Amino acid sequence: MKKLTTKIWLLMCSLLVATIAFMYILSNFIYEELYVSDMEQSMIEVGEKLQTMYRGGKVDDALIARVEDFNAYSHFQIFAVRNPRELSACVPFDIDYDALIGPVEREQLLKGQTVTKVGYEKRFDRPIISVILPFTEYNRLEGIIYVYYPLTKISELATTDVGLLIGGAALFSLFVAFFIAQGLRRIMRPLHDVQRAAEKMSEGHYEARVNVASKDEVGQLAEAFNQMAQAIQQEDEQQKTFLATVSHELRTPISYVKGYSEAIGQNYMTEDEQLEAIQLIAREAGRMERLTNELLQLARTTQEQEELELYPIALAETVREVTAILYGAAQMKQIEINEMLDEELIVLGDEEKLKQILINILENALRYSSTESKVQITTVAEEQHAIIAIKDTGIGIPAEDLPHITERFYRVNKARSRSDGGSGLGLSIVEQLVKLHKGQLTIESELGKGTYVYVKIPLMEE
């Protein structure tokens with residue numbers, strides 16, 4: 001965070017330096033282009049008006065006197081001379097004649113053009129701007145008008161207010177620095193909070209949250225962090241619950257297997273009791289096998305990165321194969337499985353995983369339906385999807401349990417035994433497999449009346 005603050009301060013300082021440089025360049029531009037140019041133009045206009053007094057011939061003393069009399073009415077210094085070398089006797093500073101009027105300047109004057117010079121004059125300690133206008137006749141230079149004016153230095157333009165300007169600039173800089181510091185502190189506070197919360201989370205304190213005080217990008221970052229922290233906390237809690245539940249699910253059959261095997265090994269049982277114990281061991285071992293297989297299946301479907309290779313499947317045929325597999329279980333409870341299948345439905349799916357979806361749903365329907373009841377399987381087309389509807393008239397699911405029915409190890413009846421309640425992983429696996437098929441699982445139920453399960457799978461595009 002200190003590095004980010006430093007970067008922002010450096011950015012502010014860079015902008016300030018750039019602003020100062022720009023103002024310096026702008027002030028010099030204004031000085032050169034406005035002040036100096038305005039002076040030059042004014043001097044040329046005055047010189048051209050005086051130039052009109054020349055009527056040709058030799059420049060006489062009367063003309064020179066009339067031009068010099070104009071000094072009383074102008075803030076410029078104006079002189080008229082016959083020979084440019086006479087200027088040194090008129091102006092109060094030394095003039096380098098060759099530098100003032102060289103061959104190039106003389107050619108300009110002979111052509112009737114104006115010559116402008118700007119240079120530093122030591123005596124005045126400031127730049128001097130001068131304008132030279134010719135008196136010419138028949139391509140002869142009869143005399144010149146010399147107009148000059150000491151320019152005000154750019155620093156002197158604000159001499160009277162320089163103290164006020166410096167003080168104001170200092171106060172303004174302090175004012176800006178204060179508000180920048182306050183703004184940075186306000187902006188960086190939630191970032192510091194996010195940093196501290198992230199450090200806490202790295203130590204395992206997933207309950208850490210950030211106070212969201214704004215709706216800007218920083219506030220959105222804090223909100224996103226809180227959502228991420230909540231998701232991580234929920235995932236951590238689910239993982240702990242998952243591990244505890246798995247441990248609990250495996251502890252009982254393992255204890256049965258261990259206890260009965262030790263009893264058999266030490267001949268604590270009669271032959272009939274040993275036979276019964278062996279059957280129990282086999283049953284518990286089978287249940288552990290089913291549980292581990294379901295856990296592996298759930299892990300694969302949850303963490304699977306690659307998409308399933310989906311291919312066309314005749315849905316009605318797949319449903320009939322599944323009902324044939326479960327025919328024996330239905331007969332044991334005298335449950336009738338009715339089918340209303342659309343023979344023309346071709347879906348995109350993985351046949352084995354699609355069968356697993358249907359088997360898990362139908363096993364639940366059979367398990368929780370009463371003897372001599374019915375289970376209805378219907379397939380219909382809806383837009384670009386096939387709907388598989390499985391309806392039973394079993395015990396149903398309470399409304400408060402329905403949102404959690406696909407959670408891992410979730411059982412509606414917490415007191416239900418493992419033998420008749422399943423592992424609690426079936427619908428979790430179903431939900432994951434349906435998602436891998438780019439489908440949707442919907443479960444509706446009413447306590448005491450039955451359950452409706454809808455599986456939505458994309459149809460093959462024609």
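Values quoted throughout were computed directly from the atomic coordinates according to the rules given, and no laboratory measurement underlies them. Since this is a predicted model, take the numbers as computed values, not measurements. Cβ coordinates were reconstructed from backbone atoms using ideal geometry, including for glycine residues, and neighbour counts include every protein chain displayed.
Applied to the range 196-201, the Karplus parametrisation 6.51 cos²θ - 1.76 cosθ + 1.60 on θ = phi - 60° returns per-residue 3J(HN,Hα) values of 5, 5, 5, 5, 5, 5 Hz, with x for Gly and Pro.
Beta carbons within 10 angstrom, averaged per residue: use that to sort the peptides 439-445, 368-374, highest first.
Details: 439-445: 17.6, 368-374: 14.4.
With the highest mean Cβ count within 10 Å placed first, the list reads 439-445, 368-374.
Which residues in the range 63-90 place their backbone N less than 20 Å from a point set 7 Å from the Cα of Arg123 along the Cα-to-Cβ direction? Answer for this model: 68-72, 74-90.
Working note: Karplus 6.51/-1.76/1.60 with θ = phi - 60° gives the range 348-363 the couplings 9, x, 9, 4, 5, 6, 5, 5, 5, 4, 5, 4, 4, 5, 5, 4 Hz, where Gly and Pro are set to x.
Please list 3J(HN,Hα) in residue order for the range 126-140, calculated via the Karplus relation 6.51 cos²θ - 1.76 cosθ + 1.60 where θ = phi - 60°; whole Hz, with x for glycine and proline. Each residue's phi maps through the Karplus curve to give 6, x, 10, 10, 10, 10, 10, 10, x, 9, 10, 8, 6, 6, 10 Hz. Within the range 314-385, the ratio Rg/Rh, alpha carbon atoms throughout and Rh by Kirkwood, equals 0.98. All other residues whose Cβ lies under 14 angstrom from that of Val319 are scored, Lys and Arg at +1 and Asp and Glu at -1, for a net of -4.
Between Asp60 and Met460, the distance separating the two model label sites (each 7 Å from Cα on the Cα→Cβ line) works out to 12.1 nm. Model label sites at Cys13 and Ser37, defined 7 Å from Cα along the beta-carbon direction, differ in position by 3.7 nm.
If the viscosity is 1.002 mPa s and the temperature 20 °C, what translational diffusion coefficient in µm²/s does Stokes-Einstein give for the range 66-112 when Rh comes from Kirkwood over Cα pairs?
D = 177 µm²/s.
For Ser373, nonlocal amide neighbours, meaning residues 5 or more places apart or on other chains whose placed amide H falls under 5 Å from its own, are Glu336. Here the alpha carbons of the range 87-141 define both size measures, Rg and Dmax, at 12.4, 40 Å.
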